[in-house]
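Peer 1: Below: one structure in structure tokens.
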Amino acid sequence: MNNLKKEGYVIEAVTNKGYRIIKAPDDLSASTVQWDLHTNWLGQHLVFKETVKSTQLVGHELARENADHGTVIVAREQTEGRGRMSRYWDSKDGLGLWFSSIFRPEYLEPKRASQLTLVAAVAIADYLSKRDLDVKIKWPNDIFINGKKLAGILTEMQAEQDAVQYIVLGIGMNVNHQHDDLHETVQHKATSIYLETNEIQNLNQVLTEILKELENKYEIFMGVGFPVIKEMWEAYAYKIGEWIQVKTKDIWDAKVVGIHDDGALKVIDHLGKQHHLYSAEILWKGEEIE
Amino acid sequence: MLKVQEVRELIKLIDESSISDFTFESNGTKVTLKKEQGEVVSVNKTSNPQPVKETVETTPVKAAVQTQAEPKEEVKEEKAAEPAATESTDYDYEIVSPMVGTFYESPSPDDDPYVKVGDSVDNNSVVCIVEAMKLFNEIEAEVKGEIVEMLVENGELVEYGQPLFRVKKK
């Protein structure tokens, strides 16, 4: 504890609960990120905010004001962090990373744009895997470690019938959360890099390395297309070969086979018939029904 | 010549492969299979033609209908016969889905729908969301007018090019 304090941590004792790190030594800062960032274009225009409602909202505003391709919005804290369908995403200062990237892809049909969510998942998975974490991607793009969620991706697009105007891709990642920092409703199903490694992370470093991976995977996707990404994705696939439940109009059992050439989830039903899922509620707790 | 079952088997195999064209010739019978935009179209040319047409396990790709200069005659007539429906059938533009996905009428289940029948929209008005693989596409009206009909229900799976709303331009 004292060693941690020497290193610059500010630690608060909470009665009956333990300790809470109030301030980490390597706080997120615009200058540090810019200094460490070795990308060609992603994040080279960096918008740094102390507190925002959500980096996605700022991303949309900036994109509407013609922000450049590759603009990245980072906030130390989000007060109304959003997940899918506006579900709340806990995003307190110093604990995690929440940032949104603006993409303006040329020559990408809107109907192919959803593949970008898988591209981003592969980028994050590659980063974590280089740190020796056993990472899995739950289709299409949730990042899991040891069966618990570590990061989520929310991608929003403005497009016309045949052209993408812009895409705002938001990533939320639990980094320095300790067990008590996670909301009690998610403690059993969420994790953080700290909880998996026992090491407090430098947020600036995690961010710059993920941006580097993301730029690289985006270039692969735009340059050679989805097949290469698909292969990488499948190497991280969660619950492949296992039975899950799919909720479309009814709830039915399906076995995960892989992903289709366009990124759709490929499953078979109990009759062996193959289905491609683009959008469905998937109940991953297959164990319970087996 | 090939049995229907064999052709079916072939279609399935080709559908799952990267082959886009396949021709098989034997005893004057020629079978050509062509994959077009993810759809398998089968043509069986023989002197004794047996129609074989199958669409296998893929998403049907419909032609994108961006605008419709004039409403189809039959629609007008059919609706005119119903006394209840009056202005609601008068439209001159359809907002279509740019991708396969789930149609959402509101930003979240707790929010009000983006638009209702009778609402005025302009080019940049968001009218709904279509989601696929967790990409949320905010669909803009791309036209100035009034929403006269909503063609799909909240949570419904929509196809590429499927009309979502009918609009009377202003």
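Peer 1: As an exercise: evaluate B:Leu157 against (1) aliphatic (A, V, I, L, M); (2) over 11 Å from B:Glu105 (Cα atoms); (3) touching a residue at least 40 places away in the same chain (Cβ under 8 Å); (4) open to solvent by less than 20 Å² (accessible area, probe 1.4 Å) and give the number of the one condition it does not meet.
Peer 2: Result: B:Leu157 fails condition (4) only.
Peer 1: Mind counting the residues in the stretch A:134-153 that are in contact (Cβ under 8 Å) with a residue 40 or more places away in the chain, in contact with a helix residue (DSSP H, G or I) (Cβ under 6 Å, 6 or more places away or on another chain) and either more than 9 Å from every other protein chain (Cβ to nearest Cβ) or open to solvent by 10 Å² or more (accessible area, probe 1.4 Å) (or both)?
Peer 2: 3
Peer 1: Between residues in the stretch B:124-135 that are at the interface with chain A (Cβ under 7 Å from one of its Cβ atoms) and residues that are of a type in the set (Phe, Trp, Tyr), which pairs lie under 6 Å by C-beta distance while being six or more apart or on different chains?
Peer 2: Listed pairs, sorted by first residue: B:Ala132/A:Tyr278.
Peer 1: May I pose another question? Residue check, A:Ile145 against (1) within 20 Å of A:Lys217 (Cα to Cα); (2) aliphatic (A, V, I, L, M); (3) modelled with pLDDT of 95 or more, all met but one. Which one?
Peer 2: Exception for A:Ile145: condition (1).
Peer 1: A further question on this structure: State all residues of the stretch B:7-25 that are open to solvent by less than 100 Å² (accessible area, probe 1.4 Å) and at pLDDT 70 or above; if no residue qualifies, say none.
Peer 2: Selection gives B:Glu9, B:Leu10, B:Ile11, B:Ile14, B:Asp15, B:Ser17, B:Ile19, B:Ser20, B:Asp21, B:Phe22, B:Thr23, B:Phe24.
Peer 1: Would you mention how many residues in the stretch B:67-112 are at pLDDT 50 or above and in a loop (DSSP other than H, G, I, E, B)?
Peer 2: 15
Peer 1: Using the structure shown, decide if A:Val168 is under 27 Å from A:Ser114 (Cβ atoms), aliphatic (A, V, I, L, M) and without any contact (Cβ under 8 Å) to a residue 24 or more places away in the chain.
Peer 2: When the stated conditions are applied, A:Val168 does not pass them.
Peer 1: Out of A:Ala151, A:Ala125, I need the residue that is in a strand (DSSP E or B) and more than 27 Å from B:Ser97 (Cα to Cα). Which one?
Peer 2: Answer to the check: A:Ala151.
Peer 1: Report, by residue number, each residue of the stretch B:96-112 that is loosely packed, with under 15 Cβ neighbours inside 10 Å and in contact with a Lys or Arg (Cβ under 9 Å, 6 or more places away or on another chain).
Peer 2: B:Ser108, the sole residue that qualifies.
Peer 1: Another question, then. What number of residues within the stretch A:247-266 are among the hydrophobic types (A, V, I, L, M, F, W, C) and in contact (Cβ under 8 Å) with a residue 24 or more places away in the chain?
Peer 2: 4
Peer 1: Looking only at the stretch B:113-125, how many residues end up being surrounded by 15 or more Cβ atoms within 10 Å (Cβ to Cβ) and either among the small types (Gly, Ala, Ser) or part of a strand (DSSP E or B) (or both)?
Peer 2: Result for the stretch B:113-125: 2.
Peer 1: Right, next: Test each condition in (1) open to solvent by less than 30 Å² (accessible area, probe 1.4 Å); (2) within 8 Å of chain A (Cβ to nearest Cβ) for B:Glu142 and report the one that comes out false.
Peer 2: That leaves (1) as the condition not met.
The values are calculated or read from the model by the stated rules, or taken from the named source; none is laboratory data. What you are looking at is a predicted structure, and each value in this text was computed from that prediction instead of being measured. Virtual Cβ from ideal backbone geometry, glycine too; neighbours counted across all protein chains shown. When the accessible area is computed, the model is the full protein with side chains, heavy atoms only, and any ligands, DNA or RNA have been set aside. Shrake-Rupley method; radii C 1.70, N 1.55, O 1.52, S 1.80 Å.
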